1. Mind checking whether some residue in region 78-91 is farther than 16 Å from L113 by Cβ, of a type in the set (A, V, I, L, M, F, W, C) and at pLDDT 95 or above?
2. For region 36-49, indicate whether the set of residues that are surrounded by 20 or more Cβ atoms within 10 Å (Cβ to Cβ), of a type in the set (F, W, Y) and not in a helix (DSSP H, G or I) is non-empty.
3. Please work out which residue is nearest to E59 (Cα to Cα), limiting yourself to region 1-30 and to residues that are of a type in the set (V, I, T) and surrounded by 16 or more Cβ atoms within 10 Å (Cβ to Cβ).
4. Quick one: would you say D111 is touching a residue at least 60 places away in the same chain (Cβ under 8 Å) and within 30 Å of Q158 (Cα to Cα)?
5. Any residue that is at pLDDT 95 or above and farther than 17 Å from T40 by Cβ - is there at least one of those in region 109-121?
6. Please enumerate the residues belonging to region 72-108 that are open to solvent by less than 30 Å² (accessible area, probe 1.4 Å), farther than 21 Å from V14 by Cβ and either among the polar types (S, T, N, Q) or more than 14 Å from the chain's Cα centre (by Cα) (or both).
7. Please specify each residue of region 124-168 satisfying the condition of being touching a Ser or Thr at 6+ places or on another chain (Cβ under 9 Å), open to solvent by 40 Å² or more (accessible area, probe 1.4 Å) and either part of a loop (DSSP other than H, G, I, E, B) or among the hydroxyl-bearing types (S, T, Y) (or both).
8. For region 52-115, please list each of the helices (runs of 4 or more DSSP H) lying entirely inside it that holds at least 1 residues being closer than 24 Å to Q22 by Cβ and polar (S, T, N, Q).
Amino acid sequence: AVEVAADLERPEAVPALVDALQSEDPLLRARAARALGRLTNHRFDVAWARSDLTQDDRERGVEAWRGWFSENRRRSRDQWLTRGFRARGYEVGRIRIDNAWELVRAVKDDDHLTYNAQRVLMRLTDHRPRSLHWSRSDACWHWTRWIDRRHRKLRLPQAPPALADCNR
C-alpha cells in the first residue's frame, strides 16, 4: 500500500506516509521514505532503513517531513516537482515541454528525481517506455535519443552538449 500511494501520485497520501516513518520496522520506514520522495520530489537525509536508527533521528526526520508538508500542502504536485528539481540545481520553472532537456538531465540523478523526471517526460510526450525499470544511464540515453529525434516536432533545440554523457 505504501508503494502504491506514490505510484498513484496522490498528495493525500503524504500524512499517512509520514506517519509510517514512525514505525519500528526499518523496511516499512524505508519504503515510506521512498514513496514520499517519489510523491513529493523531496528527500531528507535520514537512514530510514537502518535497524539502529535512534528515536531522536526518527523524530527529527518525521518533524522535517511534517514541516515540509505544512509549508507545501496547498501547492500542487507539479509545484512540488518543480521545487524539488530546482532544489537540486535543475532549471525547471514549470512542468512544460520546453523544460524537457533539464528533465532528461535529472534522469541520471537520485531515485526520486529520476522517477519524477521520467514520469513527467512520459506525460509531456505521451511516450511511455519501460525506462523506469532500466538503469539510469540507459534511461538517460533513451530519452536523449528519443527527444532529439523529435526535437523539431516538440519545438525544442537539439540535445545540449551537457547530455553527451548520456550517449553510448
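The values are calculated or read from the model by the stated rules, or taken from the named source; none is laboratory data. Here the structure is a predicted model, which is why all the values come from computation and not from measurement. Cβ coordinates were reconstructed from backbone atoms using ideal geometry, including for glycine residues, and neighbour counts include every protein chain displayed. Calculation scope for accessible area: heavy atoms of the full protein, side chains included, ligands and nucleic acids excluded. Shrake-Rupley method; radii C 1.70, N 1.55, O 1.52, S 1.80 Å.
1. So far as region 78-91 goes, no, none of its residues is farther than 16 Å from L113 by Cβ, of a type in the set (A, V, I, L, M, F, W, C) and at pLDDT 95 or above.
2. yes
3. Ranking the qualifying residues of region 1-30, first place goes to V18.
4. In short, yes.
5. Checked against the condition, which is being at pLDDT 95 or above and farther than 17 Å from T40 by Cβ, region 109-121 yields at least one hit.
6. Of everything in region 72-108, those that are open to solvent by less than 30 Å² (accessible area, probe 1.4 Å), farther than 21 Å from V14 by Cβ and either among the polar types (S, T, N, Q) or more than 14 Å from the chain's Cα centre (by Cα) (or both) turn out to be N99, A100, W101.
7. The answer is R150, N167, R168.
8. Fully inside region 52-115 and qualifying: 55-72.
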